[in-house]
Amino acid sequence: MEKKSLAGTIVLAVIVVALLALPMGARASVAAGGASSHALVAPTHSAAAVHPSPAAPAPMTTYPRTVLVETFTAQWCIYCEMESQAWYSIQHQLNLNIVDVGELHVCYSSTNCGDGYITADGTSNTRSSFYHVSAFPDVFFDGTHQVLGAANTLSDLEAMYESRITNASAVPGNVSITQSAILTTTSVTSHASITSAINGTYHAITYLIEHIGKNDSTGHDIDYVVRESLADQTVTLTAGGTIQLIGNKAIGMTWNTQHMSVITFVQQNSTKIVENTNMVPVTTLTTAVSVDQVAVSTGTNATITVHVANSSTSAGVVGATVALTSSNGGTLSPAIGVTDSSGRFTSTITGPDVASPISTVLTAQVTAAGYTAGTGTTTITLNPLQLSRVASGLTIAPSAQQVALNWTTPAAGGVGVTYYVYRATAEAGPYSFVGTSTTLDYVDAGLLGGQSYWYEVSSLSALGFSANTTAVPATAVTAVTEGLPTAIGWWITIDSVTFTSPSSATLSLYLPEGIFDYEFGPSSYAFVATESTGTLGAAGLSLDVTASFAPRYASLEGTVTPVTAAVTVDDTPVAVVGGSFTYPFLEAGTHTVVVTASGYETNNTSVALTPGNTTTLSFSLHPVPAPSGGAASADQWLGGDGTAKLAVIAAIGAAAVLGAVIILSRKGKRAPPRTP
């Protein structure tokens, strides 16, 4: 019994050892496989089953609210002034979205209207019948919260208004309204999109309203009055759905089309509550006229630009027809045209022959499909032709064998002139004609290095030449040394500068293009940069320019085998292309070159470089030698999965131990030896 126990223990130990010898991943796989193949999962029971809580209902969508205030004033009464003052005060104090519409104002009927704001289709009278009001005045806030425009004091009336507006603003908006409206030459077309968060049948109304902004001596303030009903219909709303409300009506000849808006609201018929309101201005044309000059002389030109845009979006209107006129003459070319893709039309005006300065108004009449006509104006001055005065502010900027000149427009007669440039090699002349310019600059090129020059400029208008400017000196000194390779950097030392001038002048020193560093000798007079020294004043001084050049940089190039090898110089990677590399600009001195490649021995080399020279190297890396003969190492035998192979060894060892135990067990069961 003890032997069997011992044998069982040994077998169990062997299995454990074998399992422990397996890789971790293999052990995990075995455990998982056992559980999935053989384990029986018993059903679970609990005292009380847990059920997920029902999802909370999503909150109903609401929208920002704009409060509609409708005022019915009818004929003038003793309370109208107080009502208007109270409303005006509240409207400018509350930071809320409010639209105030005078539904009747002083028009109780079409035959009894003191101010003449009568709706073409009787809209206001229809609204008064809907509310059953006599307009004494009566005020409604979103269709409810009615108050009378009568109170003991103005403050009492303001308090009532403020309370009603605040209450109406606090009610959630159940519908969202977005809309647009375009004004044509004869009518207004509106388009409203109504999105609802509720179900039901409602009344959807779109009015065309005009901003009156009346504030007369009696204090009777009016903002908007209704001009026309564009849409008025019963609609069925579905939560989450959107309907379209479209309307079109003619406009009155006396209405101010620049102050027109549309207002759309959704209202319950039974409760008269207005669910929400939206108001937008009616889209018209905006016409802006600009000129690039505020004054135009006789025979000279100015450029006119007319920009036509959509008043709501500010986007340019393409293809609009523009007709230009001038109130005091001048030639417009062209006088009629159409706007381009940006909504712009360009023309020119040529100044007429006038005896004295006068003003002229440039007017642009604009028409476009889908819009009412628009007008834009600007005013400019027409001047008689003047002899151009002397150009001012002449400056020079010498450079390598050339001089750039710049000046400013003359104080008078500087429009439409041609500038003439003259040059001399002495301040007193003689001056020779160099060239002309219609702009305020000129470049005189092809000059002799080291030569001093003087320049003068005059302007020519239709009346003749102006006087010349005061002579301005310039010297272009060029230090160019032949035979300097541009691929190699150079040290340049400025030892001295010589420059002779009979009067004040400006000196600039220029050097060849390339990679340079500069040293300064004991007699240096100027700071030297890669292109220009800047300036050095000289008056009667004698200065020499002596520049010495010495190489600064060295170059390194070479080849590598294999071609995939990587190269670094002083730890800086160098590009290798097809087994070749180049490092063109290196400071002279000793540098470390390292060449590496996978499977090859690394080459680490120091190389001494001299200025102005190119050093060529060639690297051929040796493969890493194979290991010496004999028994393979444990790592080689194990390969990439040595742990798994150890597991196999452990299993074999376990089998051997098991065999030994069985043999011993059999030996223990043999019959005892015979007794003699």
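Quick check on the stretch 339-354. Is at least one of its residues in a strand (DSSP E or B), closer than 30 Å to PHE140 by Cα and within 28 Å of the chain's Cα centre (by Cα)? Within the stretch 339-354, not a single residue is in a strand (DSSP E or B), closer than 30 Å to PHE140 by Cα and within 28 Å of the chain's Cα centre (by Cα). Summed over the stretch 256-301, the residues that are under 41 Å from the mean Cα position of the chain (by Cα) and farther than 15 Å from LEU68 by Cα give a count of 23. None of GLY351, GLY329 is outside the structural domain of ILE177 (by TED's automatic domain parsing), of a type outside the set (A, V, I, L, M) and in contact with a Pro (Cβ under 6 Å, 6 or more places away or on another chain) except GLY329. When SER290 is tested against (1) closer than 24 Å to THR186 by Cα; (2) surrounded by fewer than 20 Cβ atoms within 10 Å (Cβ to Cβ); (3) polar (S, T, N, Q); (4) in contact (Cβ under 8 Å) with a residue 60 or more places away in the chain, only condition (1) is not met.
Among the residues of the stretch 262-281, those that are under 16 Å from VAL101 (Cα atoms) and buried (at least 18 other Cβ atoms within 10 Å of the Cβ) comprise VAL262, ILE263, THR264, PHE265, VAL266, GLN267, VAL274, ASN276, THR277, ASN278, MET279. Go through the stretch 230-244 residue by residue and tally those that are over 36 Å from the mean Cα position of the chain (by Cα), part of a strand (DSSP E or B) and of a type in the set (A, V, I, L, M). Residues that pass the stated criteria total 4.
The values are calculated or read from the model by the stated rules, or taken from the named source; none is laboratory data. None of these values were measured; they are calculated from a predicted model. All Cβ positions, even for glycine, are placed from backbone atoms using ideal geometry, and neighbour counts span all protein chains on display.
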